[in-house]
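Inspection log for the structure reproduced underneath, given as structure tokens.
The values are calculated or read from the model by the stated rules, or taken from the named source; none is laboratory data. Just so you know, these numbers come straight off a predicted model, no measurement behind them. Here the Cβ is made from the backbone with ideal geometry for all residues, glycine too, and neighbour counts use every protein chain on show. All accessible areas refer to the heavy atoms of the entire protein, side chains included, with ligands and DNA or RNA removed. Shrake-Rupley method; radii C 1.70, N 1.55, O 1.52, S 1.80 Å.
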Amino acid sequence: MEKLIDGIYVKTYGKATNQPVVFIHGFPFEHTLYNNVIDEFKNVYYCISYDIRGFGNSKLNSAQCTIESYTEDLESVILRLKLDKPIICGFSMGGYIALRANEKLQKNYKALILANTTSSSDSDEAKLKRSAAISDIDAKGIEPFIDKFLLVAFSEDFIKKESLKIEEIKNTIMNSSSIGIKGALLAMASRVDTTKSLKDIDIPVLLISAENDKIISPDIMAQMANSIKKSTLVCLSGSGHMSMLEKPDEFNTALRRFLETL
């Protein structure tokens with residue numbers, strides 16, 4: 001089922017009486033990133049995916065985006081769908097949103113799934129890189145930026161073997177507006193650090209890292225897992241940052257095993 005909630009494009013799958021799981025995509029993708037995952041779980045869970053504001057079919061009210069405003073959008077979706085104790089699954093930038101939402105409203109969630117993400121805020125070097133990326137997009141458009149990003153996001157092996165799939169992914173990203181992409185770059189650069197609150201998380205957390213992740217190393221996620229009391233850490237061998245696309249079976253297996261423990 002499709003619907004707009006305060007300008008946010010939302011899709012729901014499965015029975016609303018089942019345990020809800022909200023999937024938050026990463027940068028610079030949109031809700032279809034989770035299609036294969038949701039196909040695996042929609043018969044047992046009430047699966048919800050949505051386009052972060054400025055991506056896909058979600059409306060961008062302002063170029064001045066923040067992780068805080070993205071978090072408010074998540075809260076709005078949960079409230080309007082009347083979701084009771086949802087499980088929140090965030091990938092990369094979606095994990096930044098999930099971590100901040102949990103920091104604010106931990107008692108509202110049943111569990112967290114954090115894939116290829118970090119609790120740390122940007123270093124000065126990372127902020128400068130995002131600023132340079134915005135300037136490059138202004139000067140050259142989004143295609144050169146996307147080409148460079150995809151080379152880092154996927155493992156070298158996947159790039160060699162799945163060139164057609166990567167081209168398909170690129171075409172999907174190209175449908176997003178440059179304003180939405182630049183807004184997200186600013187949001188990530190200005191996000192708060194949620195590391196200190198990891199020790200206060202009192203709900204089960206699954207962390208999925210990837211052996212060859214060039215964006216967020218598995219060591220960073222291992223450190224996060226050590227700070228969370230009820231954590232389960234899985235590292236997908238041979239995968240780059242885009243773990244659910246590079247290793248879909250292993251990704252789904254990790255989710256299934258974790259969800260069954262709940």
_Separation of alpha-carbon centers, the range 129-162 and the range 83-107, rounded to whole Å_ = 27
*Placing +1 at every Lys and Arg Cβ and -1 at every Asp and Glu Cβ, with all other atoms neutral, what dipole size does the chain have around its Cα centre, in debye to the nearest 20?*
680
*Taking a point 7 angstrom from the Cα of Ser69 along the C-beta vector, which residues in the range 156-191 have backbone N less than 18 Å away?*
176-191
*Roughly how many percent of the accessible protein surface of the chain is carbon and sulfur, given a 1.4 Å probe and a whole-percent answer?*
49
_Just want the answer: with Cβ charges of +1 for Lys and Arg and -1 for Asp and Glu, which residue in Ser227, Leu164, Asn212 is farthest toward the dipole's positive end in the chain?_
Ser227
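Please give me, ordered by residue number, the GluC sites (Glu not before Pro) of the range 24-133 that lie in loop per DSSP and have at most 11 other Cβ atoms within 10 Å.
Numbers: sites: Glu30, Glu40, Glu68, Glu72, Glu75, Glu103, Glu125; in loops: Glu30.
Taking the range 24-133 and a limit of 11 other Cβ atoms within 10 Å, no loop GluC sites (Glu not before Pro) are found.
Given contacts defined as C-alpha pairs under 8 Å and at least six residues apart, what's the relative contact order of the chain, whole-number percent?
20
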_Which listed pairs, of Lys85/Lys230; Lys140/Lys196; Lys182/Lys230; Lys3/Lys140, have C-alpha distances above 27 Å, in listed order_ = Lys140/Lys196; Lys182/Lys230; Lys3/Lys140
*Give the relative contact order (percent, whole number) for the range 82-171; include only Cα pairs under 8 Å separated by 6+ residues.*
22
*For the range 2-260, share of DSSP beta bridges that run antiparallel, in % to the nearest 5*: 25
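Once you order the gyration tensor axes a ≥ b ≥ c over the Cα atoms, which shape class does the range 1-75 get: rounded for a/c under 1.5, otherwise prolate or oblate by comparing a/b with b/c? Intermediate results must be reported in sequence, preceding the final value.
Values: a/c = 2.21, a/b = 1.87, b/c = 1.18.
Cα axes put the range 1-75 in the prolate bin.
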*Label the range 2-260 by shape, choosing from rounded, prolate and oblate, from the square roots a ≥ b ≥ c of the eigenvalues of the Cα gyration tensor; if a/c is under 1.5 it is rounded, and otherwise prolate applies when a/b is larger than b/c, oblate when it is not.*
rounded
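State in Å² the accessible area per residue of the chain; use a 1.4 Å probe, count heavy atoms of protein chains only, and round to the nearest integer. Don't jump to the answer; show the numbers that get you there.
Details: 11990 Å² over 262 residues.
Accessible area per residue: 46 Å².
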